[in-house]
Amino acid sequence: MTEPIVQELATAKTLPPQDIAQLDNLLADPAFRERFPHLEIWTPNGTVAYSLSKELISRHFNPPLGLTQALSGEVAVYHADLTAPEHTLRNFHTRYLEIYSPLRDHSTGRIIAVAEIHEAVLAEEAARLQWTSWGAVALVSAFLMACLFGIVQRGSRTIELQRRHLIQRAEEAEAISSEISELRNRARVASLELANLNEKFIRSIGADLHDGPSQMLGFAMLQIEQVRTARTAPRRKAALATLADALDSALTEIRIIAKALVLPEIEHLHAEAILMRAIKLHEARTRTIVEFKPAGTDIELPAAIKTCLYRFIQEGLNNAYRHADGNGQQVRCRIDTRKMEVSVHDSGRSRGTTDVTSNPGMGIHGLRQRIESLGGRLSFERRAGRGAHLKMSFDLEVGILNGESGISHTC
Ligand SMILES: Nc1ncnc2c1ncn2[C@@H]1O[C@H](COP(=O)(O)OP(=O)(O)OP(=O)(O)O)[C@@H](O)[C@H]1O
Ligand SMILES: [Mg+2]
């Protein structure tokens, strides 16, 4: 638009006044002024040939970068350098976009001047776009940060929850393992003590056989000699009678010892029937009454537990008879597939009577070894004037019923 008006610059260093007036006319349009608030025409050496700011016309400045670049034939775009003298003179504070465009001689094509326009709209648009894009970047970043924060929060909550679960599991496992090792120790000690008791028991049977029947049989052997050497019939008869008596005594003692050793047939019985059998035998032997209170389910038990159950009732009732005169004898039992609890109670001795037992026996001690060696527990409680309470319990959940515990079914 301005190129035809500045052709004079091909030969002159300044523009004649009529060309300046023509340019003023051209740029007087308000729409043009709003879009391009400033226009300068530079000569190649850095002199302002035309400007909307009249005070700049004919003044020489250091050629701005855009001018130098435009002189090489390119259109150059820069942000206004607000420190440049041509700007400080006019108190510029807005960083317009400066567009430098070469103006050529129509006949030779040589660059004779450079037009510099200030693009207000473009600068505002660029600033607006810059702010918009910064805003968009900030929004997207904030959204991404929020998402990441949410994910991390949820992840760390899950990790914390799992960590607490793991700690709880580890504590439970530790507690169970120490309980198992304690039970194992108790079972080992109980087995050892049971073996000792068995040893003692066998020795006592040996002593019983030695002191009782074997003495009698020895005496009977002597009587055979008497019979053989008897000179008269009455003497032989008397010796034979003594021999028969000795053999009879030996036989009776052997029967008594055998009876104490052998358990009644309980192999084929269920728990409740075993308890009934032991109670009935005790009632018949002592002519006392035992109250029986069963509860839960009647189940089949391994042989070792059956024997244990029978011996427990036998010892508990014997003690109730021996140490509490059989007063208030009671057997309670609760069995299901998880637990077996059996107890023997009595109400204690009548007033005025005292326990005649001089030295403490081995009954409860032996019973405890027997029960603990099978993984059960025994407790004994005696309160003055309120009787005694002997209780045995087995945790059947640990595989006792299906034989996983290693307790033999045939004892
Ligand atoms: N039901 C009971 N009432 C009162 N005291 C009891 C009862 N049961 C046991 N005792 C006391 O506990 C002690 C130990 O009992 P334990 O059965 O071990 O031995 P014991 O009955 O004396 O002899 P044994 O070896 O023949 O069983 C008894 O001596 C007695 O003092
Ligand atoms: Mg006893």
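Summary of values
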read-out: Estimated FRET transfer efficiency (Arg349, Ile151; beta-carbon r; R0 60 Å; 0.05); value: 0.20
read-out: Cα-based shape type of the stretch 73-151, given that a ≥ b ≥ c are square roots of the gyration tensor eigenvalues and the cut on a/c is 1.5; value: prolate
read-out: Glu267/Arg169 FRET efficiency (R0 51 Å; Cβ-Cβ; nearest 0.05); value: 0.75
read-out: Globularity ratio of the stretch 3-125, using Cα Rg and 2.2 N^0.38 Å; value: 0.99
read-out: Semi-axis lengths (Å, descending) of the ellipsoid that matches the C-alpha gyration tensor of the chain; value: 133, 22, 16
read-out: Using alpha-carbon coordinates, inclination of helix 233-261 to the longest axis of the chain, degrees; value: 10 degrees
read-out: Degrees separating the helix 271-286 axis from the principal Cα axis of the chain, which is the longest one; value: 30 degrees
read-out: Most to least packed among 223-232, 128-137 [average Cβ atoms within 10 Å]; value: 223-232, 128-137
read-out: Mean-position separation - Cα centroids, the stretch 203-249 and the stretch 9-59, in angstrom; value: 161 Å
read-out: Segment Phe380-Ile205, extension gain: residue separation times 0.36 nm, minus the distance between their alpha carbons; value: 60.2 nm
read-out: Normalised convex hull volume, the stretch 283-389, alpha-carbon set, Å³ per residue; value: 113 Å³
read-out: Mean residue ellipticity (222 nm) of the chain, computed from DSSP H runs ≥ 4 via -39,500 (n - 2.57), nearest 500; value: -18000 deg cm²/dmol
read-out: Simple spin-label estimate for Trp131 and Arg255 in nanometres, 7 Å along Cα-Cβ; value: 12.3 nm
read-out: Full-extension gain in nm, Asp298 to Asn45, via 0.36 nm per residue minus C-alpha separation; value: 79.0 nm
read-out: Degrees separating the helix 120-211 axis from the principal Cα axis of the chain, which is the longest one; value: 10 degrees
read-out: Potential lengthening between Leu281 and Ser72 on full extension [0.36 nm per residue; Cα-Cα distance subtracted]; value: 62.2 nm
read-out: Nitroxide proxy distance, nm - points 7 Å out along Cα→Cβ at Thr158 and Met221; value: 8.9 nm
read-out: Cα-projected label distance for Leu82 with Ala233, points at 7 Å along beta-carbon direction, nm; value: 16.2 nm
read-out: As computed over the stretch 212-262, the Cα convex hull volume per residue (Å³); value: 48 Å³
read-out: Fewest-first sequence of Leu269, Leu197 by Cβ atoms within 10 Å of each Cβ; value: Leu197, Leu269
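Quick note: the coordinates plus some simple rules give every number you see, no bench work behind them. In this text, all values refer to a predicted model and were calculated from it rather than measured experimentally. Glycine also receives a Cβ, built like all others from the backbone with ideal geometry; neighbour counts cover every protein chain displayed.
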